[in-house]
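Taking it in order: structure first as structure tokens, then the write-up.
Each value in this text was obtained by applying a stated rule to the coordinates, not by laboratory testing. Fair warning: this is a prediction, and the values are worked out from it, not measured in the lab. As a convention, Cβ positions derive from the backbone with ideal geometry for all residues, glycine included, and neighbour counts pool all protein chains shown.
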Amino acid sequence: MHPEELALTPVPASSLRDDRWFETLFREHYPRVVGLLTRLTGDPAQSEEIAADAFSKLSRHPLPFGGQCDLAAWVYRVASNAGLDALRAGTRRRRKEEAAGAERLRTEAEPHALEMLLREERARRVRTVLSALKPRDAQLLLLRTSGLSYREIAQALGMAASSVGTTLVRAEREFERRYRARYGDDV
């Protein structure tokens, strides 16, 4: 299925009265939400847990928000916020693990293992910089790299679609500036 086919379309109020609204929304968006969170956290199990929590919050409302809200956009917003919170909480733990990882790097001799460790290190660096950005900037970058269109991003973050491009460019520049300030030109 193409991303355009899974657009973040509002759930019609008439279908909210139908008990299947949640199942439909879950089936259409759960895999994408988990994928987005996995790219953010690097942990598929944690991503599934966060996504399940977001959908659980949504399911507790018999007629969510009186039909006044785009439910898919709400789930993406809640899930990405929770993912960013988890990422920030794990930053302190990762700092302690970095010392152990650096020692492991020195003792590994296999080129394949070294390549894998370098790839993990790059991903960790990206997560570290993302966790230091303003939440909206981090969400913008995360949603865009997850394949959402500008319109879908605008819906998920409650902003005008016409401002997504400019805001995204600013977020990319801020990400690059912070990455280079922290790690230099070493990508």
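Per-residue 3J(HN,Hα) values for region 137-145, derived from phi via the Karplus relation 6.51 cos²θ - 1.76 cosθ + 1.60 with θ = phi - 60°, read 5, 5, 5, 4, 5, 5, 5, 5, 5 Hz in sequence order (x marks Gly and Pro). Here HIS112, HIS29 are placed in order of increasing Cβ neighbour count within 10 Å, fewest first, which gives HIS112, HIS29. Scalar couplings 3J(HN,Hα) for region 157-164, obtained by applying the Karplus form with A = 6.51, B = -1.76, C = 1.60 to θ = phi - 60°, are 9, x, 10, 6, 4, 5, 9, 5 Hz; x denotes Gly and Pro.
With neighbour counts taken as other beta-carbon atoms within 10 Å, the residues SER80, SER146, SER56 rank, fewest first, as SER56, SER146, SER80. Along region 37-52 the Karplus relation, 6.51 cos²θ - 1.76 cosθ + 1.60 evaluated at θ = phi - 60°, assigns HN-Hα couplings of 5, 5, 5, 6, 8, x, 10, x, 5, 5, 5, 5, 5, 5, 4, 4 Hz to successive residues, with x for each Gly and Pro.
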